[in-house]
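Please read the structure below before turning to the comments.
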Amino acid sequence: MTAALVTGLGVAAPNGLGTEEYWSATLAGRTGIGRITRFDPERYPVRLAGEVPGFAAAEAIPGRLIPQTDHWTHLALAATDMALDDAGVDPAELPEYEMTVVTASSSGGTEFGQREIERLWDKGPGWVGAYQSIAWFYAATTGQVSIRHGMRGPCGVICAEQAGGLDAAAHAVRMLRSGARLAVTGGTDASLCPYGLVAQLATGALSTSDDPGRAYLPFDREASGYVPGEGGAMLVIEPDDVARARGVHGYGCLAGHGATFDPPPGSGREPGLRRAAEIALDRAGLAPRDVDVVFADALGVPARDREEARAIEALFGPRAVPVTAPKTMTGRLYAGGAALDMAAALLAMRDGVVPPTVGVTELADGCGLDLVREPREMPVRAALVLARGHGGFNSAVALTAVRRTQN
Amino acid sequence: MIDDDARVVITGIGVVAPGDPGTKAFWDLITSGRTATRAITLFDAEPFRSRVAAECDFDPAAEGLSPQEIRRMDRAGQFGVVCARQALADSGLDTGVVPPERVAVSVGSAVGCTMGLEEEYVVLSDGGRNWLVDPSYAVPHLYGYMVPSTLATEVAWASCAEGPVGLISTGCTAGLDAVGYACRLLWEGSADVVVAGATDAPISPITSACFDAIKATSPNNEDPGHASRPFDAERDGFVLGEGAAIMVLERRDAARRRGAQIYAEILGFASRSNAYHMTGLKPDGREMAEAITETLGQARLGPEDIDYINAHGSGTKQNDRHETAAFKRSLGGRAYEVPVSSIKSMIGHSLGAIGSIEVAACALALHHGVVPPTANLHNPDPECDLDYVPLTAREADLDVVLSVGSGFGGFQSAMLLGRAGRP
Amino acid sequence: MARLTFEDLAGIMRECAGADESADLIAGMTFEELGCDSLAVLQIASQIQNRYQVKIPDEAIEELTSPTSMVDYVNQRLAAA
């Protein structure tokens, strides 16, 4: 069976707009976390977030799309352009029904939606604009990307909070298996408006620290929750034979995916993360010893960190695999988070270097991982990306540098 | 092409549709030709352009939800969980016997928990007065309203599912696409049972206002019972609906082995995007036609095999013509012979949920040998010149039926279902 | 009394449709030629209704296919008010 090769990356991350900007910042340990600027966060207990720096929609996307879409979709349209450019494909030259778009979505056009719902309640129904119907809903990004690039194949939108990016990528691979020759996948998120932040506060999982260097410390003794962020990554994937025929080697293959759901709260049974990882490795035809690095979900909530550390240890053995969480420099990007982790893993393969987890100084009890805290130069032939979504979702994707066939 | 041992069947159905809840009430309504559209009661619609909707007479406590579940879930979640429990009970499947890691969930929704999100917003913003909303009034499950995946979480808990769980949100084709996604999980062997369907509860001020703004919904406030008029020359927009349908899907071999009741088989599913406009449709119906043709190919069937089409039939000017063109384009002369109907004439358009409700209607149509009618169709649009089964249901020997959906974003989906016991 | 000028409309179009054309240019073109689709026209009409406190009924919007027809219609309504 053909393998799904990632041939293009586009990144809009809090520590770098553009793939190389993101990657050099990440390897340098430069954080994108800072005080929220999109609104005045003073009155809220959480004032830090990862915002994409220097993003000007007017420079990045066609002017006519700006008023009709949310910031979330602006970021995705810009990242898609980058990814297609990176892949060296011109969609206009490809068969229209053989191109698809499958994105992850988590909270939709939150800021756009808050503006419109405010007009409704403050002024009345006649003040709600015509674009609310197409900007806020979760399918807006997939629809706009499909329209902009004339991609008429079977498109999709999958929501599983932070795990959705991996599920969307897996679905894009399914589309290649059933005949598509190019898929745009990934996701972005931008829920940094007052209502978006307040909704996130309700989970109690956000860090209330005001120190950008110490706020998000997964697996650390002082872990106190996570920092939210905006942005994400878009990926272009193609069947490897199609890509090779046009002389493209790509970054690596989406070799296997596994998705599971946790037992109901209070069951006392093991969460589903380990099983998701096992399924992903099995489908990729990999054994745990073949995996060179794990990109952790790294929630930063102590009990959940221990759960993840246990799952990694159960699968690989104690301190047997390097583990990293470059999201410590971006915050958690929800629908964009797992896609960005895949991009980081593929860049790690390309350059033979594992990006660091920043801020962590002392590992918490029960989190005895080989946590990569400085860039580590080493060949990366296979990487495992883990993601968990609020509510019980677990997903894992195995990426390989060399061609592996999924069974 | 679907492998013979991967063929997927529907063994349980749970529906909460406008009017009285429950699968039987739903089937009785849509075969009677009565309509459940009425003046909106769920909120004060006085300042709105369209004040008509198809509402569910739904009492969560009477449907068996606990006080905690009622507090935690917004209306869409409540619909979904009630339907999931009904579908599982109807399937006769013992969830204690199937390993939970082999049970998957695929739920579609277009607007997620928008009703809960809006109600909480009104409180936190003090009636829309404060951009910097006040967190001290937030309910603990507010984040669960912001992420639509909560709907899949709730259905997974109700189904004891620990396999792949996902929320599909392709706007108004989400209900069809979620069932299609479930089929893929079964075809590829990622699960043995999928609890699949869709739920939406969009009859709220913000959703009404956003359809008012683009004049998509019917302003026929004087005659709410006849406001949804698909294919009629006088149609003036769709009527907002709400509800859910959740089904139990299994591979046919397994269902037969356990002696399950089989409503219908899913013979194929395909989708396309028009890449044309977020709300506009190309008059030629090309992408919907492509999706229909592909499902026929998957099932190794031709246009002459289709015995009934459950149309999207939303009742907007452009949709009904677009879809009529798509049927002609994909089915040729057969389009003029096969009965086509829109149950949205009776239960309105519940956005993402409707696709699954229509799949349930198709399964029941195959099961009972009855074609539901298109209500309110008195003066057909001359450009809609097919047999739309006006006003009255028909008994018919149905073997293969087609259900289609079309939605914002340009998405077009088609699913082919067959009578249980087909060779 | 408030009037809708081509400059005003060009500003509203910039905001509502990302259409960055001058007042002189829009006077001689249709919304379609200016790249404003049906949603953009609805958005523009809704902004005008709210800002100028003038009612544009559904039937009228369908006829207002150009900036010139929009300006004329709105100013007639304003004068009649």
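The values are calculated or read from the model by the stated rules, or taken from the named source; none is laboratory data. These numbers come from a predicted model, not from an experiment. Don't worry about glycine lacking a Cβ; one is built from the backbone with ideal geometry, like all the others, and counts go over all protein chains shown. In case anyone asks, the SASA skips ligands and DNA or RNA and just uses the protein heavy atoms, side chains included. Shrake-Rupley method; radii C 1.70, N 1.55, O 1.52, S 1.80 Å.
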Residue match in the range B:39-47 (condition: in contact (Cβ under 8 Å) with a residue 24 or more places away in the chain, open to solvent by 20 Å² or more (accessible area, probe 1.4 Å) and not in a loop (DSSP other than H, G, I, E, B)): yes
From the options A:A325, A:A348, residue that is within 30 Å of A:G196 (Cβ to Cβ), within 17 Å of the chain's Cα centre (by Cα) and open to solvent by less than 50 Å² (accessible area, probe 1.4 Å): A:A325
Search result, residues across the range B:211-226 that are closer than 27 Å to B:V359 by Cα and within 11 Å of another protein chain (Cβ to nearest Cβ): B:F211, B:A216, B:T217
Pair list, Cβ < 7 Å and 6+ apart or interchain, from the range A:177-191 residues that are surrounded by fewer than 24 Cβ atoms within 10 Å (Cβ to Cβ) to residues that are assigned to a strand (DSSP E or B) and not polar (S, T, N, Q): A:R181/A:E238; A:R181/A:P239
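To keep it simple, each residue is scored yes or no on (1) in contact with a Gly (Cβ under 6 Å, 6 or more places away or on another chain); (2) charged (D, E, K, R).
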| residue | (1), (2) |
| --- | --- |
| A:D211 | no, yes |
| A:A215 | no, no |
| A:A233 | yes, no |
| A:D241 | no, yes |
Residue match in the range B:273-282 (condition: assigned by TED's automatic domain parsing to the domain that holds B:R394, closer than 30 Å to A:P91 by Cα, part of a strand (DSSP E or B) and small (G, A, S)): yes
From the options A:A49, A:A58, A:A92, residue that is assigned to a helix (DSSP H, G or I) and either more than 11 Å from every other protein chain (Cβ to nearest Cβ) or closer than 18 Å to B:T170 by Cβ (or both): A:A92
Yes/no for A:R373 being in a strand (DSSP E or B), assigned by TED's automatic domain parsing to the domain that holds A:R269 and not aliphatic (A, V, I, L, M): no
Some residue of the range B:11-34 being out of contact with any Phe, Trp or Tyr (no Cβ under 8 Å at 6 or more places or on another chain), under 19 Å from B:S218 (Cβ atoms), open to solvent by 30 Å² or more (accessible area, probe 1.4 Å) and not hydroxyl-bearing (S, T, Y): yes
Hits in the range B:118-130 - residues which are among the charged types (D, E, K, R), more than 7 Å from chain A (Cβ to nearest Cβ) and surrounded by fewer than 19 Cβ atoms within 10 Å (Cβ to Cβ): B:E119, B:D126
Residue that is most open to solvent (accessible area, probe 1.4 Å), among those in the range A:116-162 that are assigned to a helix (DSSP H, G or I) and out of contact with any Gly (no Cβ under 9 Å at 6 or more places or on another chain): A:R148
Among the residues listed as A:A277, A:A320, A:A298, A:A284, the single one being of a type in the set (A, V, I, L, M, F, W, C), in contact with a Leu (Cβ under 6 Å, 6 or more places away or on another chain) and not assigned by TED's automatic domain parsing to the domain that holds A:C155: A:A277
Criterion: on the phi < 0 side of the Ramachandran plot, open to solvent by less than 10 Å² (accessible area, probe 1.4 Å) and within 8 Å of another protein chain (Cβ to nearest Cβ) - qualifying residue of A:G165, A:G196: A:G196
Residue count for the range B:97-141, restricted to those that are part of a helix (DSSP H, G or I), among the aromatic types (F, W, Y) and closer than 19 Å to A:R115 by Cα: 1
Yes/no for A:I312 being in contact (Cβ under 8 Å) with a residue 40 or more places away in the chain, open to solvent by less than 10 Å² (accessible area, probe 1.4 Å) and β-branched (V, I, T): yes
The listed residue being at the interface with chain A (Cβ under 10 Å from one of its Cβ atoms), modelled with pLDDT of 95 or more and closer than 23 Å to B:R71 by Cα, out of B:G163, B:G171, B:G180, B:G144: B:G144
The listed residue being within 7 Å of chain B (Cβ to nearest Cβ), within 21 Å of B:L151 (Cβ to Cβ) and without any contact (Cβ under 8 Å) to a residue 24 or more places away in the chain, out of A:G156, A:G143: A:G143
Test for A:G225: is it in the same structural domain as A:I117 (by TED's automatic domain parsing) and free of Cβ contacts under 8 Å to residues at least 24 places away in the same chain: no
Some residue of the range A:1-13 being over 28 Å from A:R246 (Cβ atoms) and assigned by TED's automatic domain parsing to the domain that holds A:A130: yes
A:R283 farther than 12 Å from A:P218 by Cα, assigned to a helix (DSSP H, G or I) and at pLDDT 95 or above: yes
Filtered residues of the range A:265-278 (kept if within 12 Å of another protein chain (Cβ to nearest Cβ) and either surrounded by fewer than 24 Cβ atoms within 10 Å (Cβ to Cβ) or over 21 Å from the mean Cα position of the chain (by Cα) (or both)): A:P265, A:G266, A:S267, A:R269, A:E270, A:P271, A:R274, A:R275, A:E278
Top-ranked residue in the range A:95-115 [being more than 8 Å from chain B (Cβ to nearest Cβ) and open to solvent by 40 Å² or more (accessible area, probe 1.4 Å); ranked as nearest to A:L166 (Cα to Cα)]: A:E98
Inter-residue pairs, beta-carbon under 6 Å, first under 16 Å from A:P125 (Cβ atoms) and open to solvent by 10 Å² or more (accessible area, probe 1.4 Å) and in the range C:38-58, second modelled with pLDDT of 95 or more and hydrophobic (A, V, I, L, M, F, W, C), 6+ apart: C:L42/A:A130; C:L42/B:I214; C:Q43/A:A130; C:N50/A:W127
Which listed residue is over 15 Å from B:S204 (Cα atoms), hydrophobic (A, V, I, L, M, F, W, C), open to solvent by less than 30 Å² (accessible area, probe 1.4 Å) and in contact with a Pro (Cβ under 9 Å, 6 or more places away or on another chain), from B:V98, B:V133, B:V111: B:V133
Inter-residue pairs, beta-carbon under 9 Å, first in the same structural domain as A:V358 (by TED's automatic domain parsing) and closer than 15 Å to A:G232 by Cα and in the range A:18-37, second surrounded by fewer than 17 Cβ atoms within 10 Å (Cβ to Cβ) and at pLDDT 95 or above, 6+ apart: none
From B:I70, B:I2, B:I40, residue being within 30 Å of B:A260 (Cβ to Cβ), of a type in the set (V, I, T) and touching a helix residue (DSSP H, G or I) at 6+ places or on another chain (Cβ under 8 Å): B:I2
